[in-house]
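The values are calculated or read from the model by the stated rules, or taken from the named source; none is laboratory data. Remember, it's a predicted structure, so these values are computed and weren't measured experimentally. Because the Cβ atoms are built from the backbone with ideal geometry, glycine has one as well, and the counts that use them run over all protein chains shown.
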Amino acid sequence: MPTIQVRTAQHVLIEYPVAGVFDRILAFIIDSLVMVAYLILLFWVLVEAQFISEWLMVAIYLPIFFYHLIFEITMNGQSPGKRALNLKVVRLDGDSPTIGNYLLRWILWPIDVLISGSVAISCILLSKNGQRLGDLAAGTTVVKMERPAVRTSQEIIQALQEDHTVTFPMVIQLQASDIKLIKDALEMNRQMGNIQPVLHLTDKLKQLHGIETDLPPVKFLYTVLKDYHHLTSRT
């Protein structure tokens with residue numbers, strides 16, 4: 001199952017699984033029941049009060065028309081149905097969607113629900129990140145907010161270390177203090193979004209060890225750590 005890294009208010013990236021088709025359909029059913037309950041209750045009150053007009057009918061249906069847009073904007077990517085199932089709309093880059101993102105999803109919603117929702121279901125099943133048509137246009141998807149997995153830099157290194165091929169053998173010369181500095185820099189970038197220590201260490205390592213590479217700074221440092229751990233584990 002694909003996952004999306006969601007950035008919290010503290011700038012910590014947490015991985016959540018992309019919501020499945022069944023969960024999204026169930027959330028849609030719950031939202032539909034909420035809308036039906038709203039209409040039944042309001043019509044009952046108006047009939048009892050014997051107060052119904054054409055303009056009032058339009059006003060009654062407006063909240064239904066804007067239901068998903070209003071709730072997703074005011075409830076941070078959730079509708080009552082999504083909240084009941086711990087689902088949430090997020091951007092693929094992990095940041096919170098903007099009003100423009102929510103608006104794109106809402107505009108394309110009528111197309112997604114054509115033919116009993118077959119358009120949305122097909123897109124969700126076929127797309128890499130479980131996106132319906134509105135999500136594809138807005139650069140968003142829906143994730144399941146249960147059992148988040150916070151990955152530290154050490155866990156990432158361990159996960160990637162199997163069958164590793166050394167890229168920079170000269171890193172065997174690094175000291176334990178150097179490795180700690182690299183890990184701290186990567187953690188600072190991961191948790192706080194501060195890339196400056198990563199850039200500084202990247203330049204320093206390249207100069208001191210004559211390393212030439214086109215790898216991005218973060219990937220370069222992770223490669224250095226993997227190389228170091230792989231080489232030192234064999235000695």
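Before we move on, is Ile60 outside any strand (DSSP E or B) and farther than 20 Å from Val21 by Cα?
Working: outside any strand (DSSP E or B): yes; farther than 20 Å from Val21 by Cα: yes.
So Ile60 fits the description; yes.
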When every residue in region 1-48 that is at pLDDT below 75, surrounded by 15 or more Cβ atoms within 10 Å (Cβ to Cβ) and not aliphatic (A, V, I, L, M) is compared, the one farthest from Met188 (Cα to Cα) is Gln5
Okay, helices (runs of 4 or more DSSP H) sitting entirely in region 149-235 with 1 or more residues that are at pLDDT 85 or above and outside the structural domain of Asp95 (by TED's automatic domain parsing), I get 176-192, 196-209, 217-232
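Among helices (runs of 4 or more DSSP H) lying entirely in region 71-147, which contain 1 or more residues that are closer than 12 Å to Ala19 by Cβ?
Values: elements: 80-84, 99-107, 109-112, 114-126, 133-138.
Of the helices (runs of 4 or more DSSP H) lying wholly inside region 71-147, those with at least 1 residues that are closer than 12 Å to Ala19 by Cβ span 80-84, 114-126, 133-138.
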_assigned by TED's automatic domain parsing to the domain that holds Gly117 and outside any helix (DSSP H, G or I): is that true of Tyr16 in this structure?_
yes
Expected single match for touching a residue at least 40 places away in the same chain (Cβ under 8 Å) and in the same structural domain as Gly134 (by TED's automatic domain parsing) among Leu42, Leu26, Leu46, Leu56 is Leu26
If we keep only residues of region 214-234 that are free of Cβ contacts under 8 Å to residues at least 60 places away in the same chain and exposed (fewer than 15 other Cβ atoms within 10 Å of the Cβ), then the residue farthest from the chain's Cα centre (by Cα) is Arg234
request  = Can you confirm whether region 62-76 contains a residue that is free of Cβ contacts under 8 Å to residues at least 24 places away in the same chain and at positive phi?
outcome  = yes
